[in-house]
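The values are calculated or read from the model by the stated rules, or taken from the named source; none is laboratory data. Everything quoted here is computed from the prediction, not taken from an experiment. Note that we place each Cβ from the backbone using ideal geometry, even for glycine, and neighbour counts take in every protein chain shown. SASA here: full protein model, heavy atoms, side chains in, ligands and nucleic acids out. Shrake-Rupley method; radii C 1.70, N 1.55, O 1.52, S 1.80 Å.
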Amino acid sequence: MSKIVILGAGISGHVAAAHLRRKLSKEHEVLVVSPNSNYQWIPSNIWVGIGRMKSDQILFPLPPLYKKKNINFKQALVTTFHPEGDAETESAFVKIKYVNGQQKGNTENVTYDYLINATGPKLAFDMTEGLNPGTNKAYSVCTYSHAEHAWHALDDLIQQMKQGKKAKILIGTGHAKSTCQGAAFEYILNVEQELRRHNVRDQAEVIWIANEYQLGDFGMDGVLLSYGDNIMKSSEMVEMIFEDRGIKWILGAGVNKIEDGIAHYETLDGEYKSETYDFAMLIPAFSGHGFKAFDKNNEDITEKLFKGFMLVDADYTPKPYEEWSVQDWPETYQNPSYNNIFAPGIAFAPPHAISKPRVSKNGTSISPAPPRTGMPSGITAKLVADNIIDIINGKKDLHHKGSLGNMGAACIASAGYGMTKGSGVSITTYPIVPDYNKYPNTQGRKLGKTFGEIGLAGHWLKFALHYAFIYKAKMKPFWWLIPE
Amino acid sequence: MTQRISKSKRFFMMNPIIQFFKFIWLSIKIMLVVAGGHGGTRKANS
């Protein structure tokens, strides 16, 4: 009998738990530890942030589902890792702290045979002075509660605009090293459409601010894609959309301080500038959770497990951009020091960025961190689950592999909500990390599999995926037939 | 605001009948890309 402990119940953790439970016999224990008892379909936060969906449409409580499916659940957060046990406990364990119910505040040592760290990122608002969702007129859509809050503020502003107020709306990245430009891109297009729907578009100046060097970088160094009969750069596609919608942009901006209605930022030219706004949605930097790890003698071994995020089978040798290789990226998400620990999804430490790193004249690094999206999170979680099942069944090698350099991803970016008036920008990229050796003439991507589409179908597709993935997450009949 | 998308292109983008077929085509194409498999990079390139 094996005990598999999964830390986190987001896309990655939940996918791993669901597949392990489906494929392993009941003698094996699957335990999920998460401080949040709800599963949320994060890609639909955008629609909560414009008031077109309610939170309860994008989330559901996990404990009843887990009880029904024989998955154990503890609503707690992990505090420390002990992969060798300690003087009192021979087995590897994690120390957890309950966050709810009668046990709130209590700690417990949870032993494991296999550990899946799917804790995702810490939303590091504190890395930008004054950036705290709901203060200084700046908001976030990173969680459903943030998105609800953002909608209330935006709705207030729209009502004021209906009374004649002129407003400036600033959307993008809130730190020089933020990622998730895609979410901000979706949000700015949705907000712009909502302003038109409320007949106040003419009174608003809508501005994109980002740490990207070019539009459409998305933390992937941009993509060369096929669009209809044309081949174009993602920068050209996004520029076309922004110009058509009257959205202005500020690029190469490292936002470093937020005051009430003012965003201060540094440019790659080394200038310090500021932009005023009436409403802002700025994506924070992502960071690791600052976990500590200890060996059997209680010595600190954090560096064996973490480099911000968790260390896995990547090549972390520091090297210049020109020497970055697709082979640097992990394939199995297994920790090199402890082979029963895995970190799929967003929890693993990337070997380096994907976008070309750029530094301002003042020495500030201003460029996107690697994107962390749901589709690769699900795929990597499933392959980790499959490898653990193989090990339990006696196989020695890890047969299931999934490098971001050999994996496709679809970014179905909502560009406006509505069954007849909606729109979506669908960008499919293969591979996610460019392979310049394999595809030297197409900027590291395979053109037939890297394409873009704009139109109503994109909205329908995102809408369909919303329901399909919530169906899958609820583990309803034949859920496993829906791919990650 | 600069018109960068022509009227005919916009009609194509927003026409529900055309877009219904585009939806089917997109669903299949995305399924092929995403569910079409994944793997490592090291062995294949060594």
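In segment A:177-188, how many residues are open to solvent by 10 Å² or more (accessible area, probe 1.4 Å) and not in a helix (DSSP H, G or I)?
2
With the condition being at pLDDT 85 or above and farther than 16 Å from residue A:409 by Cβ, I'd like the helices (runs of 4 or more DSSP H) fully within chain B carrying at least 3 qualifying residues.
Of the helices (runs of 4 or more DSSP H) lying wholly inside chain B, those with at least 3 residues that are at pLDDT 85 or above and farther than 16 Å from residue A:409 by Cβ span B:7-14, B:16-34.
Of all the residues that make up segment A:218-265, how many are more than 20 Å from residue A:182 (Cβ to Cβ), at pLDDT below 95 and acidic (Asp, Glu)?
Counting residues in segment A:218-265 that are more than 20 Å from residue A:182 (Cβ to Cβ), at pLDDT below 95 and acidic (Asp, Glu) gives 1.
Please tell me if residue A:368 is in a loop (DSSP other than H, G, I, E, B), open to solvent by less than 30 Å² (accessible area, probe 1.4 Å) and closer than 18 Å to residue A:218 by Cβ. Give the derivation first.
Working: in a loop (DSSP other than H, G, I, E, B): yes; open to solvent by less than 30 Å² (accessible area, probe 1.4 Å): yes; closer than 18 Å to residue A:218 by Cβ: yes.
Answer is yes for this residue.
Is it true that residue A:331 is at pLDDT 95 or above, within 14 Å of chain B (Cβ to nearest Cβ) and at negative phi?
So residue A:331 fits the description; yes.
Tell me which residues, restricted to segment A:248-286, are assigned to a loop (DSSP other than H, G, I, E, B), within 30 Å of residue B:5 (Cβ to Cβ) and in contact with a Phe, Trp or Tyr (Cβ under 6 Å, 6 or more places away or on another chain).
A:252
Give the residue that is nearest to residue B:27 (Cα to Cα), with candidates limited to residues of segment A:394-405 that are touching a residue at least 60 places away in the same chain (Cβ under 8 Å) and open to solvent by 10 Å² or more (accessible area, probe 1.4 Å).
Ranking the candidates gives A:404 first.
Among residues belonging to segment A:189-238 that are in a strand (DSSP E or B) and small (Gly, Ala, Ser), point out the one that is surrounded by the most Cβ atoms within 10 Å (Cβ to Cβ).
A:204
Cβ-Cβ distance below 9 Å, separation of 6 or more or different chains: which pairs start in segment B:25-39 with a residue that is more than 7 Å from every other protein chain (Cβ to nearest Cβ) and end on one that is hydrophobic (A, V, I, L, M, F, W, C) and in a loop (DSSP other than H, G, I, E, B)?
What qualifies is B:37/A:407.
Which pairs turn up if I take residues in segment B:7-23 that are at the interface with chain A (Cβ under 8 Å from one of its Cβ atoms) and look for partners that are open to solvent by 50 Å² or more (accessible area, probe 1.4 Å) with beta carbon separation below 9 Å, at least 6 apart in sequence or on another chain?
Sorted first by the residue in segment B:7-23, then by its partner, the pairs are B:12/B:18; B:14/A:420; B:14/A:421; B:16/A:419; B:16/A:420; B:19/B:12; B:22/B:12.
Given the conditions (1) more than 19 Å from the chain's Cα centre (by Cα); (2) buried (at least 18 other Cβ atoms within 10 Å of the Cβ); (3) within 13 Å of chain B (Cβ to nearest Cβ); (4) touching a residue at least 24 places away in the same chain (Cβ under 8 Å), and given that residue A:313 satisfies all but one, which numbered condition is not satisfied?
Condition not satisfied by residue A:313: (4).
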